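A.B. asks: Following this message is one structure expressed as structure tokens.
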Amino acid sequence: MTETIEAPATLRQINHWIGGHSVAGTSGRKGPVYNPATGRQSGEVGFATVEEVDAAVQAAKAAFVTWREVSLAKRAELFFRIRELVHERRDEMARILTSEHGKVLSDATGEVTRGLEVIEFCCGLPTLLKSEFSEQASTGIDVYSIRQPLGVVAGITPFNFPAMVPMWMWAPAIACGNTFVLKPSEKDPSASVWTAELLKEAGLPDGVFNVVHGDKVAVDAVLEHPDIAAVSFVGSTPIARYVYEKATANGKRCQALGGAKNHMIVLPDADIDMAADAAVSAAYGSAGERCMAVSMLVAVGAVADPLIEAIKERIPKVKVGDGLDPSSEMGPLITREHREKVASYLDEGKVLVDGRENCPDQGFFLAPSLIDDLKPGMRAYEDEIFGPVLGVTRVATYDEAVRLVNESPYGNGTAIFTRDGGVARQFQFDAQAGMVGINVPIPVPVAYYSFGGWKGSLFGDRHIYGPEGIDFYTRGKVVTSRWPDPATSKVDLGFPQTR
């Protein structure tokens, strides 16, 4: 059992960030922020009213007028300063993440580093925004394309990566000349305010980056606001569908990344130790609270028993504890309610390792868990558990394994472990998922590619960050120009010719 310790008499207040300044909420509605390792409430965050969301949008709208005129060279120079500040202070941000999310410091530092890669990608924005030019497309006529910012754009981000996922959004959006309104998770909101302060210190003009905290009231205000041109979202599939439908119904461009149920296939020829290490790392890292976690292990043929034994040997060696303790390898879950929901999946299937045993008494801990013989139709097989629970499904053939991947309603990521290059190449062809790993359990793309899934894992037609992120936050314009001799000008009612 876990227990929640009473909140201290004075709680840290977490405010909005509007127009370059910290702004206290006025709604009177607030949410608790916990240290998941202790169960103690550490702060409270004010929930925005519709009017406060509008104030952030108006600040962003006013800032857009001058921000879009800033040269690419000056924007790139600013992004290099941002990069240096984030790099210098990544340990500080990591501690903020650990204190509110619970993930261990090494994982929190890794999160900041992966977000930093997108900032570094955006430092090359003069090249990223280059377009095309065709001289003499017709006699005396040149045609060229340009990409321009959309205006005010917004991001709605999840609790599991409170620094990295916002970076995936605001960095390309602002680099492209847009202004940004962020609605972070109310469970761990401090990283967003820390980011706002750092961006101001780097020299980002007031109003270009804004933060409003809140619940569904704030989300709906973002989705319905007429001055927001585009919305990016990362979260569960039901909410992603809601965000996409509501945003597009209100005339907005939208990329909404949903949930996942990632399968890792292990073939009989795979290296058992390598596959076991990968499964433990990918299933239990960040307590399984990541959309790219491996939650289903598909063991093909005779590999199942030795692979499961190897995983069982490794699980007791995973040190579960407070993320601020450098020796901890896995921290707690984000809230007591989520911990109890994840633990409920251990009531079905053949439980080989029960994470409810040998957990710290305080905080929201659940140790690594392992369930064998899960099959389609079972709750633990079908649901995105989002916790440290690894399920095992046994199949006889490669074709059966691929069928399980492709019949899943999700299509975020998948992986295969094998020594056979031909089979691996066939798998990348067969797998119906947006990201595929070959002997790589968590195939999150580098910053100069794009991140995103298929099927119920993505609503919209653009993945996040990378080249598709640049496309999402800009729109194309084609210019046809002529500088003729006035003496050749005449009226011509025919259709424009290109000959």
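Every read-out reported here was derived from the displayed coordinates using simple, explicitly stated rules and does not represent laboratory data. Every value quoted in this text rests on a predicted model; they were computed, and no experiment measured them. Note: ideal-geometry Cβ built from the backbone for every residue, glycine included; neighbour counts use all protein chains shown.
A.B. asks: With only alpha-carbon atoms in the gyration tensor, what are the semi-axes of the equivalent ellipsoid for the stretch 386-442, in Å, largest first? Don't jump to the answer; show the numbers that get you there.
C.D. replies: On the way: eigenvalues 62, 36, 32 Å².
Gyration-tensor ellipsoid for the stretch 386-442: 18, 13, 13 Å.
A.B. asks: Span-like helices, the chain: DSSP H, alpha-carbon axial extent 15 Å or more, mean Kyte-Doolittle 0.5 or greater, which ones?
C.D. replies: Working: long enough: 50-67 (25 Å, 0.61); 72-88 (24 Å, -0.11); 90-101 (16 Å, -1.02); 105-122 (26 Å, 0.34); 164-175 (16 Å, 1.23); 190-202 (18 Å, 0.24); 237-249 (18 Å, -0.26); 272-284 (18 Å, 0.95); 304-314 (16 Å, -0.37).
Flagged H segments are 50-67, 164-175, 272-284.
A.B. asks: I would also like to ask the following. For an R0 of 45 angstrom, estimate the FRET efficiency from the Cβ-Cβ distance between Glu357 and Tyr448 and round to the nearest 0.05. Write out the running numbers ahead of the final one.
C.D. replies: Details: r = 44 Å, r/R0 = 0.98.
The value I calculate is 0.55.
A.B. asks: State the volume of the convex hull built on the alpha-carbon positions of the chain, expressed per residue in Å³ and rounded to an integer.
C.D. replies: Values: hull volume 84.3 nm³, N = 499.
Cα convex hull per residue, to the nearest whole number: 169 Å³.
A.B. asks: Rank Leu404, Tyr473, Ser327 by how far each Cα sits towards the positive end of the charge dipole of the chain (+1 on Lys, Arg Cβ; -1 on Asp, Glu Cβ) and give me just the farthest.
C.D. replies: Of the candidates, Tyr473 comes out farthest on the positive side.
A.B. asks: Also: Once the dipole of the chain is set up with Lys and Arg at +1 and Asp and Glu at -1 on Cβ about the Cα centre, which of Asn15, Ala380, His338 lies farthest towards its positive end?
C.D. replies: Farthest towards the positive end: Asn15.
A.B. asks: Which residues does a label at Val70 reach in the stretch 155-173, if reach means a backbone N under 19 Å from a point 7 Å past the Cα toward the Cβ?
C.D. replies: Output list for this probe position: 155, 166-173.
A.B. asks: If you average 1/r across every pair of different Cα atoms in the stretch 160-254 and take the reciprocal, what Kirkwood value do you get, in Å? Kindly include the intermediate steps, with their values, before the conclusion.
C.D. replies: Values: mean 1/r = 0.0722 Å⁻¹.
Every distinct Cα pair counted, the radius reaches 13.9 Å.
A.B. asks: For the chain, what is the charge dipole size about the Cα centre, in debye to the nearest 20, if Lys and Arg each add +1 at the Cβ and Asp and Glu each add -1 at the Cβ? Don't skip to the end; give the middle numbers.
C.D. replies: Working: 49 positive and 63 negative charges, 264 e Å.
Charge dipole, the chain, about its Cα centre: 1260 debye, nearest 20.
A.B. asks: Ratio of Rg to Rh for the stretch 262-438, alpha carbon only, Kirkwood? Can you show the working numbers first?
C.D. replies: On the way: Rg = 15.6 Å, Rh = 16.3 Å.
My calculation puts Rg/Rh at 0.96.
A.B. asks: Take each of the peptides 326-336, 344-354, average the number of other beta-carbon atoms within 10 Å over its residues, and list them starting from the highest. Please list the in-between numbers first.
C.D. replies: Working: 326-336: 20.8, 344-354: 15.7.
Taking the mean over residues of other Cβ atoms within 10 Å, the ranking is 326-336, 344-354.
A.B. asks: Then there's this: Most exposed first by the Cβ proxy, i.e. fewest other Cβ within 10 Å, how do Phe429, Phe161 rank?
C.D. replies: Values: Phe429 8, Phe161 27.
Listing Phe429, Phe161 from fewest to most nearby Cβ atoms yields Phe429, Phe161.
A.B. asks: A follow-up question, please. Under a plain spin-label model, where a point goes 7 Å from the Cα along Cα-to-Cβ, how far apart in nm are Leu85 and Val217?
C.D. replies: For Leu85 paired with Val217, the spin-label model returns 3.1 nm.
A.B. asks: Related question: Rounded, prolate or oblate: which one fits the stretch 1-137, using the alpha carbon gyration tensor with axes a ≥ b ≥ c (rounded when a/c is under 1.5, else prolate when a/b beats b/c, else oblate)?
C.D. replies: oblate
A.B. asks: Take Ser22, project a point 7 Å from its Cα along the Cβ direction, then tell me which residues of the stretch 294-336 have their backbone nitrogen under 12 Å from it.
C.D. replies: none
A.B. asks: Taking 2.2 N^0.38 Å as the expected size of a compact globular protein, what ratio does the Cα radius of gyration of the stretch 342-491 give against it, to two decimals?
C.D. replies: With N residues counted in the stretch 342-491, Rg over 2.2 N^0.38 Å equals 1.62.
A.B. asks: Next up: Compare the peptides 452-459, 67-74 by average per-residue count of other Cβ atoms within 10 angstrom and give them in order, highest first.
C.D. replies: Values: 452-459: 21.8, 67-74: 13.0.
Going by the mean number of other Cβ atoms within 10 Å, highest first, we get 452-459, 67-74.
A.B. asks: Mind putting a number on the dipole of the stretch 262-438 about its Cα centre? Charges go on the C-beta only, +1 for Lys and Arg and -1 for Asp and Glu, and I need it in Debye to the nearest 20. All intermediate terms of the calculation are to be shown ahead of the outcome.
C.D. replies: Details: 16 positive and 28 negative charges, 37 e Å.
About 180 debye.
A.B. asks: When the dipole is taken about the Cα centre of the stretch 403-499, and only Lys, Arg (+1) and Asp, Glu (-1) are charged at their Cβ, what size is it in debye, to the nearest 20?
C.D. replies: Values: 10 positive and 8 negative charges, 37 e Å.
That gives a dipole near 180 debye.
A.B. asks: Can you find, among Pro445, Gly207, Val300, the residue sitting farthest towards the positive end of the charge dipole of the chain, where Lys and Arg contribute +1 and Asp and Glu -1 at Cβ?
C.D. replies: So the residue furthest toward the plus end is Gly207.
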